[in-house]
Amino acid sequence: MKKVEAIIKPFKLEEVKSGLHEIGVEGMTVTEVKGFGRQKGHTEIYRGSEYTVDFLPKVKIEIIVPDDKLDTVVKTIIANAKTGKIGDGKVFVMNVEQAIRIRTDESGEKAI
Amino acid sequence: MFIKKIKRGILGVVALSLLSGYALMAQSTPPPAPAEAAAPAPAAPVPDSLAYPPGLNAGTAVDLTWPIPADSAGINPDGKNKVTQDELIQNVAHNKVSINLVWTLLAGFLVMFMQAGFALVETGLCRAKNAAHVMSMNFLIYALGMLGFWICGYAIMFGGYWNGPVPIGWQPSLGQGLSLLNKEFIVTLFGKPFGLFGYTGFFLNPSVFDTSVFALFLFQMVFMDTTATIPTGSMAERWSMKNFMLYGFWVGMFPYAIYGNWVWGGGWLAQLGMNFGLGHGHVDFAGSSVVHMTGGVIAFVGGALIGPRIGKYDANGKPVAMPAHNIPMVILGTFILAFGWFGFNPGSTLAGTDNRIAIVAVNTMLASAAGALFSCLYMWFFTGKPDPSMMCNGMLAGLVAITAPCAFVSSLGAVIIGASAGILVIWTVFFVERTLKIDDPVGAIAVHGVNGAWGVISLGLFANGSYGAGWGGVHVLLKDGVQQIINNDAAPATLKKYAELTGSGWADQGVTGAFGTLFGASYNDWSQLGAQTIGTVTNIVFIGAFAFVWFKLSNLVFPLRPKAEDEIQGLDMPEMGAEAYPDMHIADRSK
């Protein structure tokens, strides 16, 4: 099992979600986050004074997938979240040791 | 479970009884014919909806005050069955005063609601970590200021109302009860009377227990509240609640009341016309100077003394932007204020029977639109985007500026005044923040102080002579280009002369500005501009010095500023014990 953690632009969430739904992903966890990468912040003007917005709003998606589905999931996320402009975000993949469904005590891939 | 069932049962019964009550009421229409229908003369009353001309039945002789029903000749020992002319006059006069009273009260209620607008604008423009604190100050000032005004503010401001300079033939719009306010402290300088403050009506005591006095109290109290709440904007996010509590009483008791006495209470600024031939004295229709400049000057002094918020200026003294936390709140508040201004300006006639209210209302909204548009365009052009907070400041600046001249200028004059206010407010915000290094989070000094001054000055420039004849006791009579001035000293010879002149073609001129002829006046009056300037300078000097002394003194009792660590954390919890937004913690609190 792998955990896919994707940081994407907030307005791309709908597209990514439906893309993942179509390939059979049944669950995900979504969080509103703030941060910066190479894009850095940007400057705005408020009442005549410039200021920088350091942390930009992003959305973090977390999905646990069986190993054989990993490639399609990652490709789907990238295809749907891409605008080609700076600030599109990143996808991280990591190993998951165990998964347990609390209600039934099922474990492993059955629990995903 | 059981209790829940009982509760539901009770709710059901209440709902049912309400419904059935409504059904019964619906059945019982049309209502049973009133008793007087039995009288012979006005037989078979037609429902008002069918009467012609429309409204014919809305009021008839029976509706007039009458000791015994008019048509009951049988039980009327005098045998009179008609309203006498005296009684008719009495009823008409009563209705006139009633209309004025209702108008003034309703306008006052609108102005009271402006308090909500101020609270929203100021809180929205501040940061989330201080939202409960800023909101609470805007809330509490209503209670503190009102009680202060009740204690002595009203007495100082209007205690001498009856002694002020007025036009020939003037009657108080709210009724003769205002004659109870007849004690003004007057000194004589240069052989002329200078009214300084009134001294009757403390605590609205039994000697002034009168409807007209109370109506005027309500209207003036909500105006004072506007003055009082302006400094909470310029000193926001760093003003200790304890010091503020003292301030709340002071502002309700003294500064607005004293300056207000000089302009509206019949004091020496109103007497400038009669005493020194300066136009109609210092004219301020609804309070650009009395209300807004007073608040703006206190805001300026307070903002300067309290110092900028921590982090507002960087090491080089360059201002750092501290963005508003809720723009929708600011815009909603601005609209509430603009709505309340329909009470502020038109209500200042103190008379619903003065049809000038239509002109006043239209001028008011035109200036607000011009102010909003011009500030928006200016920001768009010079900074690249139409800054919403500045648009709102621009609309408020237009409203503040038109407050003094609203009754005296043409619609073009109103648009010019509003548009220039929209630009002026931006220049002032930049000047205050960058040059003077005074931190004013909401732009209160720019909106109220500078545009309050612009309002009274613009009146002295653009007033077109169509309103305000005899104001300040000065009648400027004009015939064939010749001018005569009659001051109302109430002497019979003066009244006779006035009656003769106006009866033989001499036209009584209203308040006229230095460029009045451009807007339809018959002449230009530079002396009016002189009176406006004296009023403006007096406000800055007197209110400025008074506020300086006050803040310095009160700072010794309770320091103006809270602890730095509280300010950095946000004042909501340390000062108020309640967070405005308890679930929100991701915001960077160090700024």
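The values are calculated or read from the model by the stated rules, or taken from the named source; none is laboratory data. Note that the structure is a prediction, hence the values are computed from the model and not measured. Cβ coordinates were reconstructed from backbone atoms using ideal geometry, including for glycine residues, and neighbour counts include every protein chain displayed.
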**OP:** Pick out the one residue from A:L13, A:L56, A:L70, A:L20 that is at pLDDT below 90 and among the hydrophobic types (A, V, I, L, M, F, W, C).
**Re:** A:L56
Subject >> Residues of the stretch A:31-53 satisfying the condition of being farther than 29 Å from A:E97 by Cβ and either of a type in the set (G, A, S) or at pLDDT 95 or above (or both) >> reply: A:G41, A:G48, A:S49
Subject >> Of the criteria (1) of a type outside the set (D, E, K, R); (2) surrounded by 23 or more Cβ atoms within 10 Å (Cβ to Cβ); (3) part of a helix (DSSP H, G or I), which one B:F431 fails >> reply: (2)
**OP:** Exactly one condition in (1) in contact (Cβ under 8 Å) with a residue 60 or more places away in the chain; (2) at negative phi; (3) assigned to a helix (DSSP H, G or I); (4) away from every other protein chain (no Cβ under 14 Å) is not met by B:G472; state its number.
**Re:** (2)
**OP:** Any chance you could count how many residues in the stretch B:431-465 are more than 22 Å from the chain's Cα centre (by Cα) and more than 24 Å from B:L125 (Cα to Cα)?
**Re:** 3
Subject >> Residue check for A:I8: within 14 Å of chain B (Cβ to nearest Cβ) and touching a helix residue (DSSP H, G or I) at 6+ places or on another chain (Cβ under 7 Å) >> reply: no
Subject >> Residue list for the stretch A:41-59, restricted to those being surrounded by 16 or more Cβ atoms within 10 Å (Cβ to Cβ) and under 17 Å from the mean Cα position of the chain (by Cα) >> reply: A:L56, A:K58, A:V59
Subject >> Filter result (out of contact with any helix residue (DSSP H, G or I) (no Cβ under 9 Å at 6 or more places or on another chain), exposed (fewer than 14 other Cβ atoms within 10 Å of the Cβ) and among the hydroxyl-bearing types (S, T, Y)) within the stretch A:66-109 >> reply: A:S107
**OP:** Can you run down the residue pairs with Cβ atoms below 9 Å, 6 or more apart or on separate chains, where the first is in the stretch A:84-109 and farther than 30 Å from A:Q39 by Cα and free of Cβ contacts under 8 Å to residues at least 60 places away in the same chain and the partner is among the polar types (S, T, N, Q) and assigned to a loop (DSSP other than H, G, I, E, B)?
**Re:** A:S107/A:Q98
**OP:** For residues that are part of a strand (DSSP E or B) and in contact with a helix residue (DSSP H, G or I) (Cβ under 8 Å, 6 or more places away or on another chain), scanning just the stretch B:496-517, find the one that is farthest from B:V409 (Cα to Cα).
**Re:** B:D508
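A quick yes/no check of all residues on (1) farther than 28 Å from B:I331 by Cβ; (2) outside any helix (DSSP H, G or I); (3) without any contact (Cβ under 8 Å) to a residue 40 or more places away in the chain:
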site: B:V442; (1), (2), (3): no, yes, no
site: B:N451; (1), (2), (3): no, no, no
site: B:G460; (1), (2), (3): yes, no, no
site: B:T494; (1), (2), (3): yes, no, no
**OP:** Would you check if B:L269 is over 24 Å from B:N451 (Cβ atoms), over 17 Å from the mean Cα position of the chain (by Cα) and in contact (Cβ under 8 Å) with a residue 40 or more places away in the chain?
**Re:** no
Original post:
So which residues in the stretch B:284-326 are within 21 Å of the chain's Cα centre (by Cα), assigned to a loop (DSSP other than H, G, I, E, B) and not small (G, A, S)?
Top reply: B:D284, B:F285
**OP:** Pick out the one residue from B:T428, B:T403 that is over 21 Å from the mean Cα position of the chain (by Cα) and among the hydroxyl-bearing types (S, T, Y).
**Re:** B:T428
Subject >> Test set (1) within 11 Å of chain A (Cβ to nearest Cβ); (2) under 22 Å from B:I336 (Cβ atoms) - B:E433 fails condition number >> reply: (2)
Subject >> helices (runs of 4 or more DSSP H) (entirely within the stretch B:46-165) containing at least 1 residues that are under 34 Å from the mean Cα position of the chain (by Cα), of a type outside the set (G, A, S) and modelled with pLDDT under 95 >> reply: B:85-125
Subject >> Residues satisfying the stated conditions in the stretch A:53-76, i.e. farther than 16 Å from A:V93 by Cα and either at the interface with chain B (Cβ under 9 Å from one of its Cβ atoms) or of a type in the set (A, V, I, L, M) (or both) >> reply: A:V53, A:D54, A:F55, A:L56, A:V59
**OP:** Any chance you could count how many residues in the stretch A:94-112 are over 23 Å from the mean Cα position of the chain (by Cα), outside any loop (DSSP other than H, G, I, E, B) and among the basic types (K, R)?
**Re:** 0
Original post:
For A:I45, are the conditions met, namely being among the hydrophobic types (A, V, I, L, M, F, W, C) and within 14 Å of chain B (Cβ to nearest Cβ)?
Top reply: yes
